[in-house]
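Participant: Provided herewith is a single structure, encoded as structure tokens, for subsequent inquiry.
The values are calculated or read from the model by the stated rules, or taken from the named source; none is laboratory data. Keep in mind it's a predicted model, so treat the numbers as computed, not measured. Neighbour counts run over all protein chains shown; Cβ positions are idealised from the backbone, glycine included. Surface areas here come from the heavy atoms of the whole protein model, side chains and all, with no ligands, DNA or RNA. Shrake-Rupley method; radii C 1.70, N 1.55, O 1.52, S 1.80 Å.
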Amino acid sequence: MIPLPRGADLTSTQQLTRCDATATAPRDDIEVDGVRRRAGSPSACFSIPLDLTLRSSSPEFIDYYDKNLAGLMVWLDSEENDYRRRVLPLAMSTPALRYAVAAIAAHHGAATFSLAMPRFPEAARDACLGLINRHIQDMTGRLTDGSELDTRTDIAEAEWILASILMISCYEMTNSRVAAAEGHRRAARTLVNVFTSKEASNGGLFRFLRNQLFIYDVLVSTTSFNLQDIEETVPPPPGTEHGLFSQYLSLLHFVTLLSRRALFSLDANALTLTTSTFPDATLIRRQFEQARGVTLLAAGKLRIEPAIIRRDFVRLVDIYHHTAVLYSYRCLGYAHDDNPDWKPSVARLFQQLDALEDPALCAHNLPWPAFIAGAESHDNAVKQRAVTKLLADIITKTTGFKNHADILGFLGVFWGGENPDWRPLAQQFQENGYQVLPV
């Protein structure tokens with residue numbers, strides 16, 4: 001079954017549930033722009049001004065997303081950015097996706113827009129989720145009846161639903177609503193899994209969005225200690241093995257799975273790199289060096305211009321390389337003085353971060369490296385100040401996403417503790433309902 005929106009998030013349960021506003025369809029319900037609402041509720045009261053605001057400002061919202069947000073969603077912005085090339089044109093003719101664009105654009109660009117309607121971004125989000133709810137109910141009903149959902153129309157419907165969910169998840173993160181963002185991610189994952197076996201889903205916009213979810217899923221899993229959730233991470237689309245960071249992310253997820261299975265005393269040797277034994281530090285580093293080379297080859301084919309972006313992107317690849325090596329050392333038990341590469345890797349990561357000519361250009365790609373840099377700076381006040389500056393003065397200010405400030409909040413607690421291993425504290429945070437999202 002496909003999970004449905006519930007309140008401000010998307011539930012990840014496999015059992016069909018209905019959101020409160022549509023559960024019983026009472027006679028005093030009304031339907032506005034395809035979304036059923038209970039008369040007298042705040043969302044119903046907002047429905048008319050919401051529709052008027054969207055109609056009058058929709059081109060401005062789309063233009064804002066184009067100029068200020070589309071580039072933050074991909075590794076490297078270009079004319080081939082499918083958020084700009086495919087998703088935004090689709091939003092012009094798709095109400096739910098238009099609501100999603102409006103929600104995040106109006107919130108992120110609050111200083112840009114003069115909206116008469118109070119709480120417009122939240123109302124647009126709710127309207128988006130209401131439309132997704134309605135279509136997912138229909139999909140679930142058809143699956144229950146034995147339908148295959150394999151027509152081009154089905155794929156097209158899945159594309160706008162998936163694009164909308166990913167945008168709304170990003171909107172929740174800009175508001176530092178981690179639980180809601182995580183609920184949306186799990187719902188997106190379920191939708192992708194329904195269509196993964198369909199040949200038509202291996203191309204076009206669905207393929208792009210599935211790969212975006214794969215990136216998101218893998219990076220979020222690095223701070224998760226929910227083994228079942230980690231094991232259900234979506235795989236990359238077929239044929240993307242030689243794309244930017246694709247091999248890198250697959251290897252990174254392998255390390256996460258290996259370490260969490262060992263943590264929960266499961267059979268870690270059920271997964272292998274090149275041997276059936278637990279990989280040593282040298283093998284880990286070599287595997288990531290190979291993945292680094294694949295990404296640099298892929299980047300070389302893109303003819304990145306201007307030169308400053310090309311040089312900083314090479315540095316970004318090195319930054320991710322050192323970040324993954326350090327993450328692997330920590331998770332697999334090699335973050336100690338007997339490993340001669342551990343502390344030099346910390347130094348190399350900070351050297352590459354310092355070497356960025358214009359860190360603002362790639363700030364949206366730096367949260368995870370900044371998190372690991374901070375996590376390996378437990379007893380070093382100088383490095384802690386550098387990470388604080390990176391997160392507060394560059395990443396958060398450039399992206400405008402509040403969850404990046406939350407990373408710094410976690411690191412502050414970690415730095416103030418006695419344990420130099422960040423994982424127990426991250427696990428405690430997650431168990432208390434607040435997972436760190438370094439994305």
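Participant: Express in nm, to one decimal, how much length is gained between residue 148 and residue 202 on full extension, taking 0.36 nm for each residue of separation and deducting their alpha carbon distance.
Facilitator: The span from residue 148 to residue 202 would gain 17.8 nm if fully extended.
Participant: Report in % the part of the accessible area of region 368-438 that belongs to carbon and sulfur, leaving out ligands and nucleic acids; probe 1.4 Å.
Facilitator: About 52 percent, which is the carbon plus sulfur part of the accessible surface.
Participant: For the chain, state the semi-axes of the equivalent ellipsoid (square roots of 5 times the eigenvalues of the alpha-carbon gyration tensor), sorted largest first and rounded to whole angstrom.
Facilitator: 37, 24, 22
Participant: Could you give the semi-axes, largest first, of the ellipsoid that matches region 312-434, computed as the square roots of 5 times the alpha carbon gyration tensor eigenvalues and rounded to whole Å?
Facilitator: Whole-Å semi-axes of the equivalent ellipsoid: 21, 19, 12.
Participant: May I pose another question? Under Stokes-Einstein, with the Kirkwood radius over Cα pairs standing in for Rh, what whole-number D in µm²/s applies to region 293-352 at 10 °C and 1.306 mPa s?
Facilitator: Approximately 125 µm²/s, per Stokes-Einstein.
Participant: Rank 91, 298, 335 by mean-square fluctuation in a GNM of the chain with C-alpha springs under 10 angstrom and give only the top-ranked residue.
Facilitator: 298
Participant: Using the Cα centre of region 48-221 as the reference point, and only Cβ charges (+1 on K/R, -1 on D/E), how large is the resulting charge dipole? Debye, rounded to the nearest 20.
Facilitator: That gives region 48-221 a dipole magnitude of about 220 debye.
Participant: A further question follows. Out of every Cα-Cα pair in region 48-221, what percent are more than 25 Å apart?
Facilitator: Of all Cα-Cα distances in region 48-221, 30 percent exceed 25 Å.
Participant: Another question, then. Would you mind working out the accessible area per residue for region 368-438, using a 1.4 Å probe, and quoting it in Å²?
Facilitator: Accessible area per residue, region 368-438: 43 Å².
Participant: Test of understanding: in a Gaussian network model of the chain with alpha carbons linked when under 10 Å, which of 400, 333, 71 would top the mean-square fluctuation ranking?
Facilitator: In the Gaussian network model the winner is 333.
Participant: So what's the net charge close to residue 152: Lys and Arg +1, Asp and Glu -1, counting the other residues with Cβ under 12 Å from its Cβ?
Facilitator: Counting the neighbours of residue 152, the net charge comes to -4.
Participant: Additional query: Where nothing but the Cβ of Lys and Arg (+1) and of Asp and Glu (-1) is charged, how large is the charge dipole of the chain around its Cα centre, in debye to the nearest 20?
Facilitator: Computed charge dipole of the chain: roughly 360 debye.
Participant: Can you check how the C-alpha radius of gyration of region 368-438 compares to 2.2 N^0.38 Å, as a plain ratio?
Facilitator: Compactness ratio reported: 1.04.
Participant: Of the heavy-atom accessible surface of region 48-221 (probe 1.4 angstrom), what whole percent is carbon and sulfur?
Facilitator: So the carbon and sulfur contribution to the accessible surface is 51 percent.
Participant: Can you give the accessible area of residue 207 in Å² (nearest 10), computed on protein heavy atoms with a 1.4 Å probe?
Facilitator: Result for residue 207: roughly 70 Å² accessible.
Participant: Evaluate the charge dipole of region 368-438 about its Cα centre and quote only its size in Debye, nearest 20, assuming +1 on the Cβ of each Lys and Arg and -1 on the Cβ of each Asp and Glu.
Facilitator: It works out to roughly 320 debye.
Participant: So how many Å³ per residue does the convex hull of the Cα atoms of region 54-144 work out to?
Facilitator: 111
Participant: Collect residues whose amide H, placed 1.01 Å from N in the peptide plane, falls under 5 Å from the amide H of residue 401; neighbours closer than 5 in sequence don't count.
Facilitator: none
Participant: Working out 0.36 nm times the residue gap between residue 354 and residue 116, then minus their Cα-Cα distance, what length gain in nm do you get to one decimal?
Facilitator: 81.3 nm
Participant: Something else: ³J(HN,Hα) across region 67-81 via Karplus (A = 6.51, B = -1.76, C = 1.60, θ = phi - 60°), whole Hz, x for Gly/Pro?
Facilitator: The phi angles translate into 7, 10, 10, 4, x, 7, 9, 10, 4, 9, 6, 6, 5, 8, 4 Hz.
Participant: At 222 nm, what helix-only mean residue ellipticity would the chain give, in deg cm²/dmol to the nearest 500, using -39500 (n - 2.57) for each DSSP H run of four or more?
Facilitator: It lands at -18500 deg cm²/dmol.
Participant: Taking the solvent-accessible surface of protein heavy atoms with a 1.4 Å probe, what is the per residue accessible area of region 48-221 in Å²?
Facilitator: I get 36 Å² per residue for this part.
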